[in-house]
Amino acid sequence: MSSEPDQGEANWECADGSPQCGYIPREEATSEPDQGEAKWECADGSPQCGYIPREEATSATLSLDALLVSLVIDALEGRDVAIFDVPGAYLWADMPEEKEAILKLEGDFVDIMCDVNPEHIPNVRYENGKKVLYLQILKTLYGCIESALLWYELFANTLKDMGFEINPYDKCVANKMINGK
């Protein structure tokens, strides 16, 4: 990460240390042909997140084929189908104990957090004349590399506990037999 002080913005960098100024699909960034899977790079062409293996940082994503096949089967068999959105989904999944993620709050956000929980007041510091509060994150947040995977694992395990079976060919499809249907 950069040694420059944080000026209130996210100072994310790519795995090779170059600044992260946005993500663009590899096929737009280079002339390499698409090999059938999404490959992402930082805007300057360096790879994204080279220090975390892909299987530890990505979650299942529904394929269009699986969606269409499922809809056809559901219609032909007269299945009941439910879709829903989970508000604040990532906030339900716990950060692994072996990972330490720190959230830096500045300015008015420090005051708000201390109003909500006065136990944080002794931990307020000043950096470059600004109030700063560092907090350890216990739940996953949008923007953390592993959040999507941790949320998916929680969601899939919850469905399994409810008697659903995860489709081995598309991990975003789950089925449950109810009253023999």
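No lab work stands behind these numbers, since they all come straight from the coordinates. Here the structure is a predicted model, which is why all the values come from computation and not from measurement. With ideal geometry, Cβ positions are generated from the backbone for all residues, glycine too; neighbour counts draw on all protein chains shown.
Subtracting the Cα-Cα distance of Tyr134 and Ile73 from their residue separation scaled by 0.36 nm leaves 16.9 nm.
Here the simple spin-label model places points 7 Å from the Cα toward Cβ, and for Leu103 and Thr158 these points are separated by 1.9 nm. A prolate overall shape is assigned to segment 57-175, the ratio a/c of its alpha-carbon gyration tensor axes (a ≥ b ≥ c) being 1.5 or greater and a/b exceeding b/c.
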